Amino acid sequence: MSSPSTFDINRERMIEEQLAPRGITAPRVLEAMRTVPRHLFVEDAIRAQAYGDFPLPIGSGQTISQPYIVALMTQALQLAGTEKVLEIGTGSGYQAAILSRLCLKVYTVERLDALVGRARKVFDRLRYYNIISRIDDGTIGWPAEAPFDGIIVTAGGPRIPEPLIAQLADPGRLVMPVGGQDVQELQVVDKRDGDITLTTIERVRFVDLIGAHAWPPPPPQPAG
């Protein structure tokens, strides 16, 4: 039996020091966080920091969320293993990878080509074949595959896009950071018997959700 690597040790420390003490208690979520190699989702130059208690840059002005936030949003979905989940904002692919260990199938939407291509390579390397990705405006969801038992939005917007609420199954849960462009509240939508319940669980700070039902894209920079 081989000895644990530094990454293995740091991943276990992440569980013991960052997640469990902050209320991440769902056994399946902890096991997914323990299993998925987070360091493969960041650039080689910063892999030594992959299990730190902070977000990291992944290029294109985007970030991979700190491990605690990934675990918190995942736990809030209350997945049992049979669900179909929609993720808005593939980014590095790490959140989708965690979800893929906990549900039947993940559909993930990203607007930036470069990020999708990189994430797909990692999914293939890890043989996470239950993740389906596409390049599109995530704020309109994925109507052809709706409804979804769970929806997770990994960027902050001024409100929860109506198309996502419409594509949420009943029963179903949606998790998204909502607020201004500097700080948001992590909100959980619970749809059950036609009723919508909204709960706020944490103050957070995410990159902007861009699209028809969120923030407009930034204006192009002049050349020169």
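The values are calculated or read from the model by the stated rules, or taken from the named source; none is laboratory data. These numbers come from a predicted model, not from an experiment. Counting neighbours? That spans all protein chains shown, and the Cβs are built from the backbone with ideal geometry, glycine included. Please note that ligands, DNA and RNA were not included when accessible areas were found on the heavy atoms of the full protein model with its side chains. Shrake-Rupley method; radii C 1.70, N 1.55, O 1.52, S 1.80 Å.
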*Take the residues in the stretch 13-30 that are over 16 Å from residue 201 (Cα atoms), touching a Leu at 6+ places or on another chain (Cβ under 8 Å) and among the aliphatic types (A, V, I, L, M), then tell me which one is most open to solvent (accessible area, probe 1.4 Å).*
20
*Kindly provide the set of residues from the stretch 132-156 that are touching a Phe, Trp or Tyr at 6+ places or on another chain (Cβ under 9 Å) and either open to solvent by 20 Å² or more (accessible area, probe 1.4 Å) or hydroxyl-bearing (Ser, Thr, Tyr) (or both), ordered by number.*
132, 133, 134, 136, 142, 145, 154
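Has the stretch 105-116 got any residue that is surrounded by fewer than 14 Cβ atoms within 10 Å (Cβ to Cβ) and touching a residue at least 60 places away in the same chain (Cβ under 8 Å)? Step through it out loud before you land on a result.
Going through the stretch 105-116, the residues surrounded by fewer than 14 Cβ atoms within 10 Å (Cβ to Cβ) turn out to be 113-114.
With the extra rule that they be touching a residue at least 60 places away in the same chain (Cβ under 8 Å), the set shrinks to none.
For the stretch 105-116, residues surrounded by fewer than 14 Cβ atoms within 10 Å (Cβ to Cβ) and touching a residue at least 60 places away in the same chain (Cβ under 8 Å): absent.
Out of all the residues in the stretch 1-39, which are aliphatic (A, V, I, L, M) and assigned to a helix (DSSP H, G or I)?
Filtering the stretch 1-39 for residues aliphatic (A, V, I, L, M) gives 1, 9, 14-15, 19-20, 24, 26, 29-30, 32-33, 36.
9, 14, 15, 19, 20, 29, 30, 32, 33 - these are the residues of the stretch 1-39 that are aliphatic (A, V, I, L, M) and assigned to a helix (DSSP H, G or I).
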*Which one is nearest to residue 36 (Cα to Cα), of the residues in the stretch 117-152 that are of a type in the set (Val, Ile, Thr) and in a strand (DSSP E or B)?*
131
*What are the residues in the stretch 31-66 that are open to solvent by 30 Å² or more (accessible area, probe 1.4 Å) and hydrophobic (A, V, I, L, M, F, W, C), if any?*
45, 46, 48, 54
